[in-house]
1. Among the residues of segment 247-257, are any crowded, with 16+ Cβ neighbours inside 10 Å, in a loop (DSSP other than H, G, I, E, B) and out of contact with any helix residue (DSSP H, G or I) (no Cβ under 6 Å at 6 or more places or on another chain)?
2. Taking residue 66 and the conditions (1) closer than 30 Å to residue 210 by Cα; (2) outside any strand (DSSP E or B); (3) touching a residue at least 12 places away in the same chain (Cβ under 8 Å), which numbered condition does it fall short on, given that it satisfies the others?
3. Kindly indicate the residue of segment 266-277 that is in contact with a strand residue (DSSP E or B) (Cβ under 8 Å, 6 or more places away or on another chain) and either outside any strand (DSSP E or B) or not assigned by TED's automatic domain parsing to the domain that holds residue 319 (or both) and also surrounded by the fewest Cβ atoms within 10 Å (Cβ to Cβ) among those meeting that condition.
4. Being in contact with a strand residue (DSSP E or B) (Cβ under 6 Å, 6 or more places away or on another chain) and either under 15 Å from residue 82 (Cβ atoms) or not in a strand (DSSP E or B) (or both): is that true of residue 287 here?
5. From the residues in segment 112-136 that are under 15 Å from residue 187 (Cβ atoms) and modelled with pLDDT under 85, which one is surrounded by the fewest Cβ atoms within 10 Å (Cβ to Cβ)?
6. For residue 47, indicate whether it is modelled with pLDDT under 95, touching a strand residue (DSSP E or B) at 6+ places or on another chain (Cβ under 9 Å) and either surrounded by fewer than 17 Cβ atoms within 10 Å (Cβ to Cβ) or assigned to a strand (DSSP E or B) (or both).
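The values are calculated or read from the model by the stated rules, or taken from the named source; none is laboratory data. Please read all numbers here as calculations on a predicted model, not as lab measurements. Ideal geometry is used to build each Cβ from the backbone, glycine not excepted, and the neighbour counts take in all protein chains shown.
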């Protein structure tokens with residue numbers, strides 16, 4: 001009985017010591033704090049895919065559509081043929097303009113040979129001036145003869161008839177001089193007029209050259225290879241084809257338009273009460289309705305400065321760049337969007 005009591009007392013004494021030891025260890029062990037999980041806040045919105053860039057293909061040369069190589073909605077790459085043209089009318093127009101220019105050049109060269117800056121050095125005028133000099137010499141002689149005959153007439157040495165004949169001869173010589181002078185003046189006027197015509201001819205040639213250059217420049221378009229119109233866009237999709245095979249081309253009518261698939265963005269319709277929380281550069285998740293198993297990364301790159309009304313709601317369009325498009329997203333796809341607003 002005494003031994004049982006002794007053992008019990010020993011147990012009673014040891015338990016407090018063990019308990020105290022355990023308490024000391026518990027006090028010395030640091031308390032681990034659980035990590036604080038921050039809640040991620042997003043704005044949900046409906047959106048659609050749009051191409052920011054596009055190109056309207058317009059052909060401003062005469063001709064007709066020989067063959068259309070693409071269909072509505074077809075994807076094209078840079079250099080792909082869109083249409084093949086029949087450009088024979090345009091080629092004929094260029095040849096006609098070239099021929100007109102050659103004729104103008106030949107006419108100018110012909111006129112240039114008859115034009116001298118100093119008209120007195122012009123061979124034709126020099127010849128007329130020689131004729132004038134001869135006429136003046138002849139008049140001088142005739143006047144001397146007339147003066148001598150006039151003295152004789154007054155002395156009664158010659159008849160009235162002989163006197164009148166000498167007078168007519170002198171007047172004829174005087175008229176020859178006047179005619180020579182008039183011929184020179186007429187020739188000079190003709191040369192001046194020809195010089196003016198030469199300036200006009202030169203202007204016509206310059207205008208013709210400009211027109212020919214403009215025609216040739218139309219063939220130097222980056223999307224014009226021979227008689228083929230090709231795509232200039234690296235990756236695009238064709239829409240709104242405006243011609244059919246055999247149609248005559250018109251500069252007022254576009255051939256087609258091409259959306260630039262490298263410029264796709266998502267237009268997210270954010271309710272007006274949430275747009276204040278959306279910031280430029282905010283990340284976004286894009287899930288296409290066409291395949292909800294896909295998710296694309298995006299980033300807010302624009303917020304419209306004007307709201308729109310749709311279905312009784314006031315919405316603000318937010319532009320979201322697609323950062324990892326794998327080619328699945330296409331223009332006019334509908335998407336669900338989650339924009340981080342943390």
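1. Taking every residue of segment 247-257 in turn, at least one turns out to be crowded, with 16+ Cβ neighbours inside 10 Å, in a loop (DSSP other than H, G, I, E, B) and out of contact with any helix residue (DSSP H, G or I) (no Cβ under 6 Å at 6 or more places or on another chain).
2. (2)
3. Within segment 266-277, the subset in contact with a strand residue (DSSP E or B) (Cβ under 8 Å, 6 or more places away or on another chain) is 266-272, 274-275, 277.
Those still in the list that are either outside any strand (DSSP E or B) or not assigned by TED's automatic domain parsing to the domain that holds residue 319 (or both) too: 272, 274-275, 277.
On the way: 272: 12, 274: 16, 275: 20, 277: 15.
This residue is 272.
4. So residue 287 does not fit the description; no.
5. Residue satisfying both the conditions and the ranking: 118.
6. Answer is no for this residue.
Per-residue answers, yes or no, for (1) without any contact (Cβ under 8 Å) to a residue 24 or more places away in the chain; (2) assigned to a strand (DSSP E or B); (3) touching a helix residue (DSSP H, G or I) at 6+ places or on another chain (Cβ under 7 Å):
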{"residue": "306", "(1), (2), (3)": "yes, no, no"}
{"residue": "309", "(1), (2), (3)": "yes, yes, no"}
{"residue": "319", "(1), (2), (3)": "no, yes, no"}
{"residue": "324", "(1), (2), (3)": "no, no, no"}
{"residue": "329", "(1), (2), (3)": "no, no, no"}
{"residue": "337", "(1), (2), (3)": "no, yes, no"}
{"residue": "342", "(1), (2), (3)": "no, no, no"}
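Each row is one residue, and each column tells you yes or no for (1) outside the structural domain of residue 100 (by TED's automatic domain parsing); (2) modelled with pLDDT under 90; (3) over 30 Å from residue 103 (Cα atoms); (4) exposed (fewer than 15 other Cβ atoms within 10 Å of the Cβ).
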site: 144; (1), (2), (3), (4): no, no, yes, yes
site: 156; (1), (2), (3), (4): no, yes, yes, yes
site: 176; (1), (2), (3), (4): no, no, yes, no
site: 183; (1), (2), (3), (4): no, no, yes, no
site: 192; (1), (2), (3), (4): no, yes, no, yes
site: 197; (1), (2), (3), (4): no, yes, no, yes
site: 200; (1), (2), (3), (4): no, yes, no, yes
site: 205; (1), (2), (3), (4): no, no, no, no
site: 209; (1), (2), (3), (4): no, no, no, yes
